[in-house]
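Enquirer: Below you'll find the structure I mean.
Readers should treat all values here as calculations from the given coordinates under stated rules, not as data from a laboratory. Fair warning: this is a prediction, and the values are worked out from it, not measured in the lab. Positions of Cβ are backbone-derived with ideal geometry, glycine not excepted, and every protein chain shown enters the neighbour counts.
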Amino acid sequence: RQAEAAMIRKRLNEGDIFAGDVVMLQVSGDSRMDNSYAVTPERTIQVPGAGEISVAGLLRSELEDRLTEVMGRFVRNPTVRAEPLMRMQISGAVGRPGFYTVPASMPIPDLLMQFANGPTQQSDMRRSKIRRGGQEILSGAAVEEAIRLARSIDAMSLQAGDEIFVGERPGSGRVTRILAGVGTVVSLIFLFSRF
């Protein structure tokens, strides 16, 4: 709980839009602004017709209001839709581990199912972890609860580059490798016995 509180305090102080995030933007009245914009190391986005816009210190929940305010200088009464996306790594006992660019509003269980093809039969959510820069920031019961309660990436105060590691039951990976090896040997014996 202390780790979660510290992450929330940091998020409120520094904002939660960082370099590497992507902002999908739609502005009624000026279609040349409709695009996806990568956040620069200076925590800005470069929007044609509006120039460089700082997103430093903003929470993802404040992004749309801020961009509506800025776009109002260039477009009369704009309707702005802004969706922050972030790059996450999903690893461990999932069907399709990898790096994915995902909406920050997406609940963790939906993220695991839609992008990583869900947990495998060997998964053990109690052994799951969330890592940032190689350091564990949440683990065990906290991650299991976040999944059970369908908390979003935003609600978890996750950042671009964070890794969601789905835990595996002890020994289950070893059994799978042994069975795969035995299956390969049996297949080779069968193949060579036919010649």
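Enquirer: Taking each full run of DSSP H in the chain as one helix, which ones are at least 30 Å long along their axis (Cα atoms) and have mean Kyte-Doolittle hydropathy of at least 0.5?
Expert: 172-193
Enquirer: To make sure I understand, if each residue's beta carbon is the centre and we count other beta carbons within 10 Å, what order do ARG60, ARG87, ARG32, ARG127 fall in, fewest to most?
Expert: Listing ARG60, ARG87, ARG32, ARG127 from fewest to most nearby Cβ atoms yields ARG32, ARG87, ARG127, ARG60.
Enquirer: Considering the dipole of the range 1-106 built from charges on the beta carbon (Lys and Arg +1, Asp and Glu -1) around the Cα centre, which of ILE90, LEU25, ALA38 is farthest to its positive end?
Expert: With unit charges placed on the Cβ atoms, the residue in question is ILE90.
Enquirer: Taking the dipole about the Cα centre of the chain, with the C-beta of Lys and Arg at +1 and of Asp and Glu at -1, give me whichever of MET113, TYR100, ALA56 is farthest to the positive side.
Expert: Selected residue: MET113.
Enquirer: Could you list the GluC sites (Glu not before Pro) in the range 1-93 that lie in coil according to DSSP, counting only those with at most 12 other Cβ atoms within 10 Å of their Cβ?
Expert: When the GluC sites (Glu not before Pro) of the range 1-93 are filtered for loop state and at most 12 Cβ neighbours within 10 Å, GLU42 remain.
Enquirer: A further question on this structure: Out of PRO84, PRO41, PRO97, any idea which swings most in a Gaussian network model of the chain, alpha carbons joined below 10 Å?
Expert: Its mean-square fluctuation being the largest, the pick is PRO41.
Enquirer: Same structure, new question: Compute the distance in nm between two label points, each set 7 Å from the Cα along the Cα-to-Cβ direction, one at ASP110 and one at ARG87.
Expert: 2.3
Enquirer: Here is a follow-up. Quick check on the exposure proxy: order THR79, THR101 from fewest to most C-beta atoms within 10 angstrom.
Expert: Listed from fewest to most nearby Cβ atoms, that is THR79, THR101.
Enquirer: Which value, to two decimals, describes the C-alpha radius of gyration of the range 86-173 once divided by 2.2 N^0.38 Å?
Expert: With N residues counted in the range 86-173, Rg over 2.2 N^0.38 Å equals 0.96.
Enquirer: Can you give the calculated 222 nm mean residue ellipticity of the chain, where each DSSP H run of n ≥ 4 adds -39,500 (n - 2.57) and the sum is split over every residue, rounded to the nearest 500 deg cm²/dmol?
Expert: That comes out to -10000 deg cm²/dmol.
Enquirer: Could you work out which residue, out of ASP65, ASP154, ASP110, moves most in a Gaussian network model of the chain, that is, has the largest mean-square fluctuation with Cα springs under 10 Å?
Expert: Highest fluctuation of the listed residues: ASP65.
Enquirer: Once the cut-off is 25 Å, how many percent of the Cα-Cα pairs in the chain end up in the long-distance tail?
Expert: So the pairs more than 25 Å apart make up 48 percent of the total in the chain.
Enquirer: Give, rounded to the nearest 20 debye, the magnitude of the charge dipole that the chain has about its Cα centre when Lys and Arg contribute +1 at Cβ and Asp and Glu contribute -1 at Cβ.
Expert: In total the dipole reaches around 760 debye.
Enquirer: When N is the residue count of the range 2-84, what does its C-alpha Rg come to as a fraction of 2.2 N^0.38 Å?
Expert: Computed over Cα atoms of the range 2-84, the ratio equals 1.14.
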